[in-house]
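Undergrad: Before anything else, here's the structure in question.
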Amino acid sequence: LTSLRTSGEYKDWFGSNDCIPCPLYMTSLEASVSLAQCSCQAGYEPALPPSPNSSSPTPNASCVACELGKFKDEHGNSSCAPCPNGTYANVSAMSACNTCPDGSTSLSADGISSVLDCHCKAGYFQGNNVSSAREGPLKRL
């Protein structure tokens, strides 16, 4: 009886032995036959860069969480990307960035890691609530 390989596992030789789980924070497609077919989960990137002629991580490499302000929305061995303008990632291993509150945005090309870095858009002002920006005229002192 041959064991069925499910996602997140591989089996690199024939026989009735159990499938081998991919390393921590890695996954694979069903019916994978080698460690090289394991890739980083969404929210994680390779700890070591791929070898020059390969898109797979170095064998036995591990994956690390995307840093604050960055995300990765699908599995694979690409690097995490900075959150786009108007979004932020306040925890590590994000697969999607949070949207800045209504009436606010962010302007950092490096990604931001806190809602406090979302600033009011032109024509909006900060009320008492950090998580909102309200439309209205600016008061001059």
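The values are calculated or read from the model by the stated rules, or taken from the named source; none is laboratory data. All figures in this text were calculated on a predicted structure; none of them were measured in a lab. Backbone-built Cβ (ideal geometry, glycine too); neighbour counts: all protein chains shown. Ligands, DNA and RNA are excluded from the accessible area calculation, which covers all protein heavy atoms including side chains. Shrake-Rupley method; radii C 1.70, N 1.55, O 1.52, S 1.80 Å.
Undergrad: If ligands, DNA and RNA are left out, what is the accessible area of residue 102 with a 1.4 Å probe, given in Å² to the nearest 10?
TA: My reading of the accessible area for residue 102 is about 130 Å².
Undergrad: Something else: Could you state how much accessible area residue 68 has, in square angstrom rounded to the nearest 10, with a 1.4 Å probe and all protein chains kept in place?
TA: 100 Å²
Undergrad: Can you give the accessible area of residue 25 in Å² (nearest 10), computed on protein heavy atoms with a 1.4 Å probe?
TA: Residue 25 exposes around 90 Å² with every protein chain in place.
Undergrad: Next question, about the same structure. With a Förster radius of 22 Å, plug the Cβ-Cβ distance of residue 81 and residue 122 into 1/(1 + (r/R0)^6) and report the FRET value to the nearest 0.05.
TA: Working from the Cβ atoms, E equals 0.25.
Undergrad: At a Förster distance of 35 Å, what's the computed FRET efficiency of residue 99 paired with residue 20, Cβ-Cβ distance as r, to 0.05?
TA: About 0.35, to the nearest 0.05.
Undergrad: Once you list every other residue whose beta carbon is under 13 Å from the beta carbon of residue 79, what net charge do they have if Lys and Arg are +1 and Asp and Glu are -1?
TA: Around residue 79, the surrounding residues sum to -2.
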